[in-house]
1. Only one residue in Leu41, Leu66, Leu77 is within 13 Å of Ala15 (Cα to Cα) and in the same structural domain as Leu7 (by TED's automatic domain parsing). Which one?
2. Scan region 247-298 for residues that are of a type in the set (Lys, Arg) and part of a loop (DSSP other than H, G, I, E, B) and jot them down.
3. Filter region 220-257 down to residues that are β-branched (Val, Ile, Thr), touching a Leu at 6+ places or on another chain (Cβ under 7 Å) and free of Cβ contacts under 8 Å to residues at least 60 places away in the same chain and give me whichever is surrounded by the fewest Cβ atoms within 10 Å (Cβ to Cβ).
4. Name the residue that is surrounded by the most Cβ atoms within 10 Å (Cβ to Cβ), counting only residues in region 117-133 that are within 18 Å of Asn219 (Cβ to Cβ) and in contact (Cβ under 8 Å) with a residue 60 or more places away in the chain.
5. Go through Ser21, Ser54, Ser100, Ser72 for me and flag whichever is in contact with a Ser or Thr (Cβ under 8 Å, 6 or more places away or on another chain) and among the polar types (S, T, N, Q).
6. Looking at region 272-301 only, could you name the residues that are modelled with pLDDT under 90 and hydroxyl-bearing (Ser, Thr, Tyr)?
7. In the set Leu138, Leu103, which member is buried (at least 22 other Cβ atoms within 10 Å of the Cβ) and under 18 Å from Leu215 (Cβ atoms)?
8. Taking region 169-186 as the region of interest, how many residues are among the polar types (S, T, N, Q) and in a loop (DSSP other than H, G, I, E, B)?
Amino acid sequence: MEQNISLYKIFNTVASTGNISKAAKELFISQPAISKSIGRLEDDLGITLFVRTSRGVRLTVEGNMLYEYTRSAFETLQQGEETIRRINELGIGHLRIGVSTTLCKYILLPYLKEFVQQYPHIKITIHSQSTFHTLEMLENNKLDIGLVGKPNSLKTLEFYKVAMIEDIFVSSEVYLENLRVRESSHSKNELQNDSNHYSPMDNIDIIKTANVMLLDEKNMTRLYIDDYFTRNNIVTKQILEVSDMDLLIEFAKIGLGVSCVIKEFIQTELNEGTLREIPLEKPLGQREVGFAYSVVSPKPDSLQKFIDFIVAHSFI
């Protein structure tokens, strides 16, 4: 098959022109070479492809059938060449990014806005999913890059930090007041009645007794919180799981309970007093967020452009 590619090219040209002389001029080879190549292909296939006429050559039934395939194949190759040429000329490419809904909204979008303006011809596909799924797809070369919380093990990934985030517990003032009233009926010593002062122990008691709202267990943030609870011997009475941090924020604002959210993403609510942070004696601490990509897989041009862009526009 591989040795016959040039023969098929000659056959296709003769079939499209209907004349050996015209085909020879188009291919810049001699007419005898054309005739010899057609004869060789006919011998290989065991069929007759052309019959000679007074005006040139005419395809046989079998030849016409083969021509339908070769014409489609060479048209596809031509389209491929034109696409590659346009990619080189215009900077066209495809970039596959994996990111959670939360990180996409609060961190990725500002980067994308400027990147798209600078490289309008690069096609971008966003895979909105958990960090675990993004890391798995990166390892299987199904994504070019992912915006993730830094994992414990990078394996074959390179990680470029672009932000620091801090997980905190928040609630509305109304919910906290109702929780104090409810718990004080059980034990006057369990929570203080002063709404303007909390000791660290008071806040641990709030987490233990409140309706705690967390991301679901398929999320890296949830594992981080569960580990904190285990290390600090915190056992909650009730947990409400959701799959989206924006819902955690909204649920806390309407007084459904205490939510664990990322502080940097609710600064407006904290400043306005819509939500109130519940400080802990042992803070959850900050985590790194950044772009991860494979160091063993070849980098397409679109990925290298994006890496160079985030390095040049990093907010850290």
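1. Details: Leu41 fails: within 13 Å of Ala15 (Cα to Cα); Leu77 fails: within 13 Å of Ala15 (Cα to Cα).
After ruling out the rest, the residue left standing is Leu66.
2. First pass over region 247-298, keeping only residues of a type in the set (Lys, Arg): 253, 263, 276, 282, 287.
The one that is of a type in the set (Lys, Arg) and part of a loop (DSSP other than H, G, I, E, B): Lys282.
3. Kept after step one, since they are β-branched (Val, Ile, Thr), are these residues of region 220-257: 221, 225, 230, 234-236, 239, 242, 249, 254.
Those still in the list that are touching a Leu at 6+ places or on another chain (Cβ under 7 Å) too: 221, 225, 239, 242.
Now narrow it down to the ones that are free of Cβ contacts under 8 Å to residues at least 60 places away in the same chain: 225, 239, 242.
Values: Ile225: 18, Ile239: 12, Val242: 16.
Filtering region 220-257 for residues that are β-branched (Val, Ile, Thr), touching a Leu at 6+ places or on another chain (Cβ under 7 Å) and free of Cβ contacts under 8 Å to residues at least 60 places away in the same chain, the one surrounded by the fewest Cβ atoms within 10 Å (Cβ to Cβ) comes out as Ile239.
4. Thr131
5. On the way: Ser21 fails: in contact with a Ser or Thr (Cβ under 8 Å, 6 or more places away or on another chain); Ser54 fails: in contact with a Ser or Thr (Cβ under 8 Å, 6 or more places away or on another chain); Ser72 fails: in contact with a Ser or Thr (Cβ under 8 Å, 6 or more places away or on another chain).
The conditions single out Ser100.
6. Passing the criteria: only Ser297.
7. Working: Leu138 fails: under 18 Å from Leu215 (Cβ atoms).
Checking each option against the conditions leaves just Leu103.
8. If we filter region 169-186 for residues that are among the polar types (S, T, N, Q), which is where we start, we get 171-172, 178, 184-185.
If we keep only those that are in a loop (DSSP other than H, G, I, E, B) too, we end up with 172, 185.
Within region 169-186, residues that are among the polar types (S, T, N, Q) and in a loop (DSSP other than H, G, I, E, B) number 2.
The values are calculated or read from the model by the stated rules, or taken from the named source; none is laboratory data. Bear in mind that the values here come from a model prediction, so they are computed numbers and not experimental data. Positions of Cβ are generated from backbone atoms using ideal geometry, with glycine treated the same way; all protein chains shown enter the neighbour counts.
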